[in-house]
Amino acid sequence: MSEKWTTANIPDQRGRVALVTGANTGLGYETAKALAERGASVVLAVRNVEKGKQAAARMAGDVTVQALDLTSLDSVRTAAAALRSRLDRLDLLINNAGVMYTPKQTTRDGFELQFGTNHLGHFALTGLLLELMLPVPGSRVVTVSSTGHRIQAAIHFDDLQWERSYSRPGAYGQSKLANLMFTYELQRRLATHGTTIAVAAHPGMSSTELARNSPAALRLPLTWLSPLVTQTAAMGALPTLRAATDPAALGGQYYGPGGRFEIKGNPRLVTSSPQSYEVALQRRLWTVSEDLTGVRFPIGESKQTPVPSGSTATM
């Protein structure tokens, strides 16, 4: 393969079924579009079905739409049931959808919006769809995190829903740190099955609608600096696409832009924060997530020895 990984490196995806959340715009749209162009049957899992249909109409290939609102566990369960009834396999589950820096709000189930959408919604969806993936050799769960997992980030087990105080970047950082901890713990549990793997990715700084909720004091400088420090959504989707399709990818790996500070550039293997590799925290978050969502995965807890921080081997 060429040194700079691009969509040209995506292997033939014919015969594979992919589900991409938040696929009507931005990174999700570019991810779904590239997979469809390489022959995958792609399901756009979106909150706004009409916008999803409009996005599907702009893509070539076999593309369908599934209603999914990650802010509602009822919607997640309904979508998962519909998908289990219409699909006999799922090769790729790409947990892409997310919100960023939102004002203090809650999901329909009372969870803080960023944690509830970015982590708990995807946690539940993955658990409910995993039975479609476990029998499929080479299947992958790819969860999109962010460099924001390093910023004011911690899993606030004493106040997960930010009821005592609220910080937009802090809540976002918690949700993105949770995405990585979920990936690493999921991979540890999947390792004994030998079919499905869990991989993570981040897009660097990409020009999408995600930052629309940023405070005005931050949004204005970003507008001025955007041409210098951001990349297109198509470039930002490349780490996700590599995590999803590179034959050399291993479970528990993390892909991001290869440029300076991982802001932009073609995708490569990167490492996450030391905190994200703390196994005790990963397992505690998993248990809490099961309790909050009521979703139990069809795989048990692994007793495997954890992989050292930054390792590129499977967990």
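One table, with the values for the structure above:
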{"item": "Any pair with Cβ under 9 angstrom, 6 or more apart, that starts in segment 291-312 at a residue that is within 14 Å of residue 131 (Cβ to Cβ) and aliphatic (A, V, I, L, M) and ends at one that is modelled with pLDDT of 50 or more and surrounded by fewer than 12 Cβ atoms within 10 Å (Cβ to Cβ)", "result": "299/192"}
{"item": "Total residues in segment 9-23, condition in contact with a helix residue (DSSP H, G or I) (Cβ under 8 Å, 6 or more places away or on another chain) and either surrounded by fewer than 16 Cβ atoms within 10 Å (Cβ to Cβ) or of a type in the set (Ser, Thr, Tyr) (or both)", "result": "2"}
{"item": "Complete set of residues in segment 153-190 that are without any contact (Cβ under 8 Å) to a residue 24 or more places away in the chain and assigned to a helix (DSSP H, G or I)", "result": "170"}
{"item": "Flag if residue 214 is at pLDDT 95 or above, touching a Leu at 6+ places or on another chain (Cβ under 9 Å) and either buried (at least 16 other Cβ atoms within 10 Å of the Cβ) or of a type in the set (Lys, Arg) (or both)", "result": "no"}
{"item": "Residues that are basic (Lys, Arg) and within 24 Å of residue 251 (Cα to Cα), drawn from segment 114-168", "result": "140, 150"}
{"item": "In segment 78-95, residue nearest to the chain's Cα centre (by Cα) [restricted to those that are in a strand (DSSP E or B) and more than 21 Å from residue 148 (Cα to Cα)]", "result": "93"}
{"item": "Residue within segment 91-102 that is farther than 21 Å from residue 177 by Cβ and out of contact with any strand residue (DSSP E or B) (no Cβ under 9 Å at 6 or more places or on another chain) present", "result": "no"}
{"item": "Residues (under 30 Å from residue 8 (Cβ atoms), touching a Lys or Arg at 6+ places or on another chain (Cβ under 7 Å) and not polar (S, T, N, Q)) located in segment 257-304", "result": "257, 258, 267"}
{"item": "Evaluation of residue 186 against (1) within 24 Å of residue 40 (Cβ to Cβ); (2) surrounded by fewer than 24 Cβ atoms within 10 Å (Cβ to Cβ); (3) modelled with pLDDT of 95 or more (one fails), failing number", "result": "(2)"}
{"item": "Top-ranked residue in segment 142-165 [being under 30 Å from residue 269 (Cα atoms) and loosely packed, with under 15 Cβ neighbours inside 10 Å; ranked as modelled with the highest pLDDT]", "result": "157"}
{"item": "Leading residue by the ranking (farthest from residue 149 (Cα to Cα)) among those in segment 96-123 that are assigned to a loop (DSSP other than H, G, I, E, B) and of a type in the set (A, V, I, L, M, F, W, C)", "result": "111"}
{"item": "Residue 74 being surrounded by fewer than 15 Cβ atoms within 10 Å (Cβ to Cβ), farther than 30 Å from residue 290 by Cα and touching a residue at least 12 places away in the same chain (Cβ under 8 Å)", "result": "no"}
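Residue by residue, here is whether (1) in contact with a helix residue (DSSP H, G or I) (Cβ under 6 Å, 6 or more places away or on another chain); (2) surrounded by 24 or more Cβ atoms within 10 Å (Cβ to Cβ) holds:
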position: 7; (1), (2): yes, no
position: 32; (1), (2): no, yes
position: 38; (1), (2): no, no
position: 43; (1), (2): no, yes
position: 55; (1), (2): yes, no
position: 61; (1), (2): yes, no
position: 66; (1), (2): yes, no
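Listed here are the residues, each with its yes/no results for (1) touching a strand residue (DSSP E or B) at 6+ places or on another chain (Cβ under 8 Å); (2) without any contact (Cβ under 8 Å) to a residue 24 or more places away in the chain; (3) surrounded by fewer than 24 Cβ atoms within 10 Å (Cβ to Cβ); (4) not acidic (Asp, Glu).
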position	(1), (2), (3), (4)
235	yes, no, yes, yes
238	yes, no, no, yes
248	no, yes, yes, yes
251	yes, no, yes, yes
256	yes, no, no, yes
265	yes, no, yes, yes
269	yes, no, yes, yes
273	no, no, yes, yes
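The values are calculated or read from the model by the stated rules, or taken from the named source; none is laboratory data. Please read all numbers here as calculations on a predicted model, not as lab measurements. All Cβ positions, glycine included, derive from the backbone under ideal geometry; neighbour counts span all protein chains shown.
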